[in-house]
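Taking it in order: structure first as structure tokens, then the write-up.
The values are calculated or read from the model by the stated rules, or taken from the named source; none is laboratory data. Just so it is clear, the structure is predicted and the values come from calculations on it, not from any experiment. Cβ placement follows ideal geometry from the backbone for every residue including glycine, while neighbour counts extend to all protein chains displayed.
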Amino acid sequence: MGPCMRPAQDDMTPGSPPESNGDDGPSTIEPANPFTSTDPDLRDCLVAALGQETYNELATRQPGPQEQQAMGPCMRPAQDDIGPSDTGGPEGPVGPTDQNSGQDQPPETITVTYPSTSYSVAPGGTSGFFTTAQNADITLSAVGFNDTGGPLRFNRASGLTTDGTRLVMTDVFNNRVLIWNTAPTHPNQVPDLVLGQPNFTTNEPGTGRNQLNWPLSASTDGTRLAVTDTNNDRILIWTEFPTSNAEPADIILSGGTNTNSSKSNIQWPWGVWTDGNKLAVTSTRSASVLIWNSFPTYDGQPADLLLTGSGHIGTPRQITSDGNSLIVGDHNATAGGGSQAGTFFWTSFPTTDQQPYDFFMVDPLGEEQTAPWLRGAFTDDDRLLMMGNTLHIWDGLPESPADRPSLSNLGQRNAGGYDFRWGDYSTVAVVGSRVYITTNGSTLVVYDSIPTSSTQAPDFVLGATDLYVDANIENFVMSNPVPVSNGTSLFASSDFDNRLFVWRNLPDESGAAPDVVYHFCWYSNEDAARRHQCGDIFGAWDNALHGELFALAGGTRLLIWTELPLEGNLPAYDFKEGVGSVQFDELTGVAMDDRYFYVADKRASVVYVWAGIPDGTHEPVATLAVNQPTRLSSDGTWLAVNSTMGNGAQIFRVDEIATSGAPTAVGGGGIFNLPEGTTVDGGHLFVADTGNNQVHVWEDVADALVGRSADVILGASGPSDTQPEITRNQMFWPAAASFDGDYLWVGERKFSGRLVRFSPTG
């Protein structure tokens, strides 16, 4: 019945989908019936929940509300992973599943969930325009402005350190350091102290001695405590271990205003280590490691030693040491000849300037898949525990790159063990026999004893309701949200999360959960292999909305809905490799208007233009040559093609596209810093200037085309205010924007994840 249910040709804008589902055309995804599944576990669960007779009946009819509620636990392979669900939705989670799929190849499914949510609806009807440095109204993908959600609601939990009794953890995006006077022994153990904030509920950044802005790492010997205050380019030091909330630091190490390597230049410090005698710091932007031979005693004290690894250190991250050796993980090292993530080892702690490293390790297992870069801790018996994208354990310090660990917990990808959801923030600390590991952003998992098996899971977790729950998913925290709104509904796609979030109405309160979530990669709690492979399924880099049409584009896949995805309805078109003779290489942009459908292919450096929906039966009417195009936007008069690497955008007149009208460049180096999103709407122009943490706004596109400065800058007090901050009037890596005529929605990316709303000031 699918072709019969499609809108008629006259109802389609700008074109109509094909009626054929042949091999050369798009595929339409149909929901699967769980009561005809061949999966024995699913069958047994449903029979136990409903009884055999009802199970047999439901092979040919839809379940009722009570039956939906009873079958809910069986139908939610990762329900604990995604947060609250409203099983009273159309069918609970819907979408096809491949029950016979092995762990090496997850099915390409779209699963839909319906969170239980309610929120105030925005009234609309705004007037006026925006003003520089104005406050945002609400934030989604967060609890609220200056609100953490409490002591055990973490936002990028990261750096761990211990003196053998206490446990210290940096909660990066909450701009705080949490301290347990006794390392946690159960999942609900709240921290005793907080630094950087007056209490456990606030999270605004600052520059005072008692404030922090994005603290990534900490280190203590039990008396002294050192913390990297990364976005303030400084190290805060307490010479006596803190005993009260928001206690000010005694010493501040900072200095340098450029990226040159020097003993007095601390730029974006990431890792720190001390044993109370020596101090070591990674200065990330100056590609160096700084070492103080004796513990600093005054503000601004320069380092004694400088290490650059013979110029091979690129983006140094965390530091691991037992006082006798030094290990530095590097995100972009050149030790192997080209830029490569790996780890530098000094088998004896450096004592001279520019002391050469002893060796560089790419992967402990020799497979270049288990260690982007390593960070960890030594045990009391000299074992070394290190996190890459899994946990590695050596019986002692490795002596060469070929020195393999005695045990590696490979997660479900290979060995069936626990998946750590690793990332830049993952670190390790050992307290007695307990092992503490921060996962990528949301939780702290704990082993009651050092693992002895590659399949051994942690014993409990802090920051989530269950060991297998991703708290960010549970709380609807997005990574890299790309918003789009039509003034009635709000949509936000995420390439990192492999999801599309839908608010049927425009929310008018912070923290509002979505009504519908589309999951483009689905996995059960313990089926971590699917999580690792989600990036190969579909990461939507851009979206587009026009009338009843909605589209997502990313990688080599293009999805098109001919009815807005408001009720869990699945796309009418799923182009996986290309359309007709057009083969996709790296899709990074999509847009629509009354005339055309546009798709940007970054790797091919082109923007394809179709008259109507591409269906494989007609070729593009134009192919625009744009160097590495990214996100697209069209208001029917103007087409904006963002160019991140070009530090600007190319603006085309839509009515000149078919006749090869030349674009006008906006921005460029020295004006923007790696902008990731340019939006046109109603003749207005918005540029998300990502690297400068600003959104530039022109009331009239024409002003931007003749080189006039923006009328408004959001997220900053002016062009020179580029400091990233998570406040109402500051931004942290804004990357995408959507204006619906009443509200401007801005999504922040990577190290942030907020989706904030601005209203015209009237």
Does THR678 qualify as being more than 28 Å from GLU509 (Cβ to Cβ), of a type in the set (Ser, Thr, Tyr) and not in a loop (DSSP other than H, G, I, E, B)? yes
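Each row is one residue, and each column tells you yes or no for (1) under 27 Å from the mean Cα position of the chain (by Cα); (2) more than 20 Å from ASN175 (Cα to Cα); (3) part of a strand (DSSP E or B); (4) at pLDDT 95 or above.
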residue	(1), (2), (3), (4)
LEU216	yes, no, yes, yes
GLY222	no, yes, no, yes
VAL227	yes, no, yes, yes
ALA246	no, no, no, yes
GLN267	yes, no, no, yes
ASN277	no, yes, no, yes
Of the residues THR659, THR678, only one is of a type outside the set (Gly, Ala, Ser), without any contact (Cβ under 8 Å) to a residue 24 or more places away in the chain and within 25 Å of TYR596 (Cα to Cα); which? THR659
Quick test of your reading of the structure: SER118 fulfils all but one of (1) farther than 30 Å from ARG557 by Cα; (2) touching a residue at least 24 places away in the same chain (Cβ under 8 Å). Name the failing condition by number. (2)
If you check ASP275, ASP299, ASP250, which single one turns out to be surrounded by fewer than 22 Cβ atoms within 10 Å (Cβ to Cβ) and under 15 Å from SER217 (Cα atoms)? ASP275
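Would you mind stating whether SER283 is closer than 20 Å to TRP214 by Cα and surrounded by 24 or more Cβ atoms within 10 Å (Cβ to Cβ)? Spell out how you get there, then give the answer.
Numbers: closer than 20 Å to TRP214 by Cα: yes; surrounded by 24 or more Cβ atoms within 10 Å (Cβ to Cβ): yes.
Considered against the rule, which asks whether it is closer than 20 Å to TRP214 by Cα and surrounded by 24 or more Cβ atoms within 10 Å (Cβ to Cβ), SER283 comes out as yes.
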Filter the stretch 376-408 for residues that are farther than 15 Å from SER449 by Cα, at pLDDT 95 or above and under 29 Å from the mean Cα position of the chain (by Cα) and give the result. GLY376, MET386
Checked the stretch 169-191 for anything closer than 24 Å to GLY753 by Cβ, assigned to a strand (DSSP E or B) and of a type in the set (Val, Ile, Thr); matches are THR170, VAL177
Filter result for the condition that a residue is modelled with pLDDT under 85 and either over 23 Å from GLY342 (Cα atoms) or aliphatic (A, V, I, L, M) (or both), over ALA464, ALA429, ALA371: ALA371
In the stretch 497-519, how many are of a type in the set (Phe, Trp, Tyr) and either more than 17 Å from LEU559 (Cβ to Cβ) or without any contact (Cβ under 8 Å) to a residue 24 or more places away in the chain (or both)? 1
Any residue at all in the stretch 196-212 that is of a type outside the set (S, T, N, Q) and in a strand (DSSP E or B)? no
Would you check which residues across the stretch 657-675 are touching a strand residue (DSSP E or B) at 6+ places or on another chain (Cβ under 6 Å), within 16 Å of ASN693 (Cα to Cα) and in a strand (DSSP E or B) and list them? GLY667, PHE672
Kindly indicate which of LEU552, LEU545, LEU639 is in contact with a helix residue (DSSP H, G or I) (Cβ under 6 Å, 6 or more places away or on another chain), in a strand (DSSP E or B) and either modelled with pLDDT of 95 or more or under 19 Å from ALA658 (Cβ atoms) (or both). LEU639
With the condition kept exactly as written, say whether any residue in the stretch 720-734 is closer than 24 Å to GLY683 by Cα, touching a residue at least 60 places away in the same chain (Cβ under 8 Å), in contact with a strand residue (DSSP E or B) (Cβ under 9 Å, 6 or more places away or on another chain) and outside any loop (DSSP other than H, G, I, E, B). no
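Conditions (1) touching a residue at least 40 places away in the same chain (Cβ under 8 Å); (2) buried (at least 22 other Cβ atoms within 10 Å of the Cβ), marked per residue:
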{"site": "PRO405", "(1), (2)": "yes, no"}
{"site": "ASP419", "(1), (2)": "yes, yes"}
{"site": "ILE437", "(1), (2)": "yes, yes"}
{"site": "SER442", "(1), (2)": "yes, yes"}
{"site": "VAL445", "(1), (2)": "no, yes"}
{"site": "THR455", "(1), (2)": "yes, no"}
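Can you tell me which residue in the stretch 704-762 is surrounded by the most Cβ atoms within 10 Å (Cβ to Cβ), limited to those that are of a type in the set (Ser, Thr, Tyr) and under 26 Å from the mean Cα position of the chain (by Cα)?
Looking at the filtered set, the residue picked out is SER752.
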Is it true that LEU391 is within 22 Å of ASP221 (Cα to Cα) and buried (at least 22 other Cβ atoms within 10 Å of the Cβ)? no
Considering residues of the stretch 149-165 that are over 18 Å from the mean Cα position of the chain (by Cα) and among the hydroxyl-bearing types (Ser, Thr, Tyr) only, the residue surrounded by the most Cβ atoms within 10 Å (Cβ to Cβ): THR161
Of everything in the stretch 351-370, what is assigned to a loop (DSSP other than H, G, I, E, B) and touching a Pro at 6+ places or on another chain (Cβ under 6 Å)? Give them in sequence order. PRO364
Of the conditions (1) in contact with a Phe, Trp or Tyr (Cβ under 6 Å, 6 or more places away or on another chain); (2) more than 20 Å from HIS546 (Cα to Cα); (3) modelled with pLDDT of 95 or more, PRO483 fails just one. Which one is it? (2)
Sort out which residues of the stretch 319-350 are of a type in the set (Asp, Glu) and assigned to a loop (DSSP other than H, G, I, E, B), and write them in order of number. ASP322
